[in-house]
1. Being farther than 16 Å from residue 38 by Cβ and within 16 Å of the ligand (Cβ to nearest atom) is the filter here, so list the residues in region 97-110 that pass it.
2. Quick one: residue 181 ticks every box in (1) in contact (Cβ under 8 Å) with a residue 60 or more places away in the chain; (2) within 16 Å of the ligand (Cβ to nearest atom) except a single one, so which number is it?
3. Can you tell me which residue in region 20-32 is nearest to residue 137 (Cα to Cα), limited to those that are more than 11 Å from the ligand (Cβ to nearest atom) and in contact with a Gly (Cβ under 8 Å, 6 or more places away or on another chain)?
4. Pairs needed: first member in region 122-139, buried (at least 18 other Cβ atoms within 10 Å of the Cβ); second member anywhere, of a type in the set (D, E, K, R); C-beta distance under 6 Å; at least 6 residues apart or different chains.
5. Given the criterion within 16 Å of the ligand (Cβ to nearest atom) and either hydrophobic (A, V, I, L, M, F, W, C) or within 25 Å of residue 127 (Cα to Cα) (or both), identify the matching residue among 63, 94, 90, 73.
6. Out of region 1-51, which residues are assigned to a helix (DSSP H, G or I) and of a type in the set (D, E, K, R)?
Amino acid sequence: MHVSTHGDYLVKLTRFTAFNCYLVRQEDGLALIDTGLSGSATGILRAAQQIGKPIVRILLTHAHADHVGSLDALTQALPGVEVLIGAREARLLAGDLSLDTNEPQTPPRGGFPRVNTQPTRTLAPGERVGTLEVIAAPGHTPGHIAFLDTRDGTLIAGDAFYSWGGLAVSGKVTLVFPFPALATWHKPTALQTARALRALAPARLALGHGPVLERPLPRMDRAIEVAARAFERA
Ligand SMILES: [Zn+2]
């Protein structure tokens, strides 16, 4: 597990170079955002130990295997830990891939593994979890959410963008790292989300795959332009 610190509150944990999850320092302990691939629990717990604070809550951006892979192991190791996921995405976490009538009728893509853990509570956009504001970010999956740290403008956006080999909107296949793009549910929705996240003017962008970006707005603008052209052609 490679550990790096970004600003005062954010710690990035990376496995196999490309799979990130995050610890966020909060008043009552650490919030873990996403849980990585299966087999990540030991490294995540060790990183928290080194910081010297307990993980008090787990927040999930979406229910894909590389984000919930170590959820069961962590909830076993952390009795009483809060588990929070968007209300829409909770259905996918429970293995229900059905679509609502008002959603694009295209099946969710990518791997949604069997998970035994049930969320202790579900989240709605606009809600706050301590310092973190819940932001709707559908597209990569139907119920994907992001978290904005209101203290310093850090946006933890899961797979709404990726920054591996240059910044790209979810669903835009890049040759360097095409896998998350291929798992994207609905590209026009992902592009709308990218624009909405850009409008928040984040000071720092932290993603599921690739490096953390400081002052990301010009790169977000460029990624949105490229995706808009590519998705329109498709
Ligand atoms: Zn991912």
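1. 108, 109
2. Looking at each condition in turn, residue 181 falls short on (1).
3. So, considering only residues that are more than 11 Å from the ligand (Cβ to nearest atom) and in contact with a Gly (Cβ under 8 Å, 6 or more places away or on another chain), the one nearest to residue 137 (Cα to Cα) is 31.
4. Correct list of pairs: 131/149; 131/151; 132/149; 134/127.
5. 63
6. Passing the criteria: only 46.
Readers should treat all values here as calculations from the given coordinates under stated rules, not as data from a laboratory. Only a predicted model underlies this, so the values are computations on that prediction, with no experimental measurement involved. Cβ sites come from the backbone with ideal geometry, for glycine too, and all protein chains shown count toward neighbours.
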